[in-house]
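The values are calculated or read from the model by the stated rules, or taken from the named source; none is laboratory data. What you see is a predicted model, and the numbers here were worked out from it, not measured in a lab. Quick reminder, even Gly has a Cβ in these numbers, built from the backbone with ideal geometry, and neighbours come from all protein chains shown. Side chains included, ligands, DNA and RNA excluded: accessible areas come from the protein's heavy atoms. Shrake-Rupley method; radii C 1.70, N 1.55, O 1.52, S 1.80 Å.
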Amino acid sequence: MTKNFKKHTIISQVRYFLLDCFTSSKWKILITSFLLFVGLITGIIIGVKFNSHGSMNLLEDYAFVSFINTGVTSSFFSRLLSLCLMLLILFCCSFHSFLFPFAVIVLAFRTYLLGFNLCILFLCFGLPGILLTLFIILPCQIIMLAILALFYFVLNKITCDCRIFGGGVMKDKLKIILIFLLLLIVICLLETLLLLLFNANVIIVI
């Protein structure tokens, strides 16, 4: 009975905190969502223009696509390293509100790379590329983007609350970093396993 009560209390506290986080940052969230969408569309448009100029043979020079035969393990860790770098940048941006534009730019650039890569998959691999994109890559990448954005807003909310009410910041932020890092590892691993399961030829590294 006591365990269930504590569990219910923790869930309620987390739910209240996230609701408060969304309420207090609703304009920032709307701006971020809009710019992420713009980044995605821009990447797709650039990908189409890239193809129309006959520059597809230069694709490997951009190192945006990693082929499975180069090693699944290395590809997984490359993507994980990229996600860890994103977490570090967003962590630094969470210490002050004036760094919000920089955090949005970093996230928008990631969506730009995603849009570009998805377009390249469509154009280079035809129907298999479209199916992989729609059913595996796009959902996993959107979930990871949502996790990264939520990571920033949660840390920023903790910083703001600590300035108002006092209390330690680093200890709470380290816990949040570990939780979100674990979530990203799970999604990244799931994406890799699904691509292997369906014998995918490529893995996006962004």
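General observations
- Region 20-39: number of residues that are closer than 10 Å to residue 108 by Cβ and either open to solvent by less than 80 Å² (accessible area, probe 1.4 Å) or of a type in the set (Asp, Glu) (or both): 5
- Sole exception among (1) under 19 Å from residue 188 (Cβ atoms); (2) modelled with pLDDT under 90; (3) touching a helix residue (DSSP H, G or I) at 6+ places or on another chain (Cβ under 6 Å) for residue 123, by number: (1)
- When region 126-141 is filtered for residues that are open to solvent by 80 Å² or more (accessible area, probe 1.4 Å) and in contact with a Leu (Cβ under 6 Å, 6 or more places away or on another chain), nothing remains.
- Residue match in region 92-108 (condition: closer than 23 Å to residue 193 by Cα and open to solvent by 50 Å² or more (accessible area, probe 1.4 Å)): no
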